[in-house]
Amino acid sequence: RPSEPLAAEATLALGRSIYVENCASCHGPNGEGHAEMAAAPALNDRDHAWHHADGQLQQFVLDGGPTMPAFQEKLTNEEVIAVIRYFQTWWTASQLQSQQSLSSQVPFVE
């Protein structure tokens, strides 16, 4: 992990709460994904989520996908960022460093 966390503890707690309520049923309680639901990939360090910049992850959550619901009407931008910061805590230091390098080019839309 980097020496500085990406988010304050309060943000991570909010992100965890949102994740448990809205994401865990498909992506797994620890971000492991579901083998029987290919459209719900792992969000932890075992799949490709860390290959996407913050801004891309934000758009995925807001817009949804073929089987994932859109959350733009349900979550505030602050909540979307919090849930992303929460599942980023599952990534290795090298994955997070690589992902944050991408995110400098495609950051969150505040």
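The values are calculated or read from the model by the stated rules, or taken from the named source; none is laboratory data. This is a predicted model, so every value here is computed, not measured. Cβ placement follows ideal geometry from the backbone for every residue including glycine, while neighbour counts extend to all protein chains displayed. Please note that ligands, DNA and RNA were not included when accessible areas were found on the heavy atoms of the full protein model with its side chains. Shrake-Rupley method; radii C 1.70, N 1.55, O 1.52, S 1.80 Å.
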Return only the number of the condition from (1) surrounded by 16 or more Cβ atoms within 10 Å (Cβ to Cβ); (2) basic (Lys, Arg); (3) over 12 Å from the mean Cα position of the chain (by Cα) that residue 85 does not satisfy.
(3)
Give 67, 76, 92 a once-over and let me know the one that is among the β-branched types (Val, Ile, Thr), open to solvent by 20 Å² or more (accessible area, probe 1.4 Å) and in contact with an Asp or Glu (Cβ under 7 Å, 6 or more places away or on another chain).
92
Conditions (1) in contact with a Pro (Cβ under 6 Å, 6 or more places away or on another chain); (2) surrounded by fewer than 18 Cβ atoms within 10 Å (Cβ to Cβ); number of the one not met by residue 54
(2)
Scan the range 1-13 and report the pairs whose first residue is under 19 Å from residue 45 (Cα atoms) and aromatic (Phe, Trp, Tyr) and whose second residue is open to solvent by 100 Å² or more (accessible area, probe 1.4 Å) and modelled with pLDDT under 95, with Cβ atoms within less than 9 Å and a gap of 6+ or a chain change.
none
Any pair with Cβ under 9 angstrom, 6 or more apart, that starts in the range 62-88 at a residue that is farther than 16 Å from residue 20 by Cα and ends at one that is open to solvent by 40 Å² or more (accessible area, probe 1.4 Å) and charged (D, E, K, R)
70/63; 72/63; 77/110
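Being among the aromatic types (Phe, Trp, Tyr) and assigned to a loop (DSSP other than H, G, I, E, B) is the filter here, so list the residues in the range 28-71 that pass it. Before you say what the answer is, go through the steps one by one.
Of all residues in the range 28-71, those among the aromatic types (Phe, Trp, Tyr) come to 50, 60, 71.
Passing the criteria: only 71.
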(1) open to solvent by less than 40 Å² (accessible area, probe 1.4 Å); (2) out of contact with any strand residue (DSSP E or B) (no Cβ under 6 Å at 6 or more places or on another chain); (3) not basic (Lys, Arg): which one isn't true of residue 40, the others all being true?
(2)
Inside the range 28-37, can you point out the residues that are open to solvent by less than 80 Å² (accessible area, probe 1.4 Å) and more than 17 Å from residue 85 (Cα to Cα)?
33, 34, 37
